[in-house]
Every structure is written in C-alpha cells, then in structure tokens.
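**Q** Structure in structure tokens, see below.
No value in this document is a laboratory result; all are computed from the given coordinates. Remember, predicted model here, so these are calculated numbers, not experimental data. Here the Cβ is made from the backbone with ideal geometry for all residues, glycine too, and neighbour counts use every protein chain on show.
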Amino acid sequence: MRGVNRVMLIGNLGKDPDVQTLEGNIAVAKFPLATTETFK
C-alpha cells in the first residue's frame with residue numbers, strides 16, 4: 001500500500017534543484033539547502 005509523505009524544508013537553496021526521473025516514472029530532486037538552525 002502506498003502512502004503520502006510530506007516534508008517542509010525551510011532554508012536557502014544553494015542552487016536550482018537537479019530533477020531526475022527514475023524507472024517507473026518516479027521523480028527525484030537533489031539540491032543543497034542552507035539553514036542557520038542547530039540541533040543538539
């Protein structure tokens with residue numbers, strides 16, 4: 001069973017996303033994201 005996952009990323013993009021299509025017509029995006037938040 002397939003589900004829907006949602007993620008909200010907040011930050012500054014380092015460059016335009018690189019979108020690739022995998023087998024089965026699945027889209028994947030890669031991009032650098034800069035934030036100022038830290039987590040311990």
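**Q** Starting from the Cα of Thr38, step 7 Å along the direction of its Cβ; do the same at Asp16; then give the gap between the two resulting points in nm.
**A** Inter-label distance under the simple model: 3.5 nm.
**Q** If you don't mind, there's one more thing I want to ask. What list of ³J(HN,Hα) values in whole Hz, one per residue of region 21-33 in order, does the Karplus curve 6.51 cos²θ - 1.76 cosθ + 1.60 (θ = phi - 60°) give from phi, with Gly and Pro shown as x?
**A** So the Karplus estimates, Gly and Pro as x, are 10, 8, 4, x, 6, 9, 8, 10, 10, 10, 7, x, 10 Hz.
**Q** At q = 0.26 Å⁻¹, what base-10 log of I(q)/I(0) does the Debye formula yield for the chain when every alpha carbon is treated as an equal point scatterer in vacuo?
**A** Scattering profile of the chain, log10 relative to I(0): -1.01.
**Q** In whole percent, what relative contact order does the chain give with Cα contacts below 8 Å and a gap of six or more residues?
**A** Computed over the chain, the figure is 39 percent.
**Q** Given labels modelled 7 Å from the Cα in the Cβ direction, how far is it in nm from Glu23 to Met8?
**A** Taking the simple label geometry, Glu23 and Met8 are separated by 3.7 nm.
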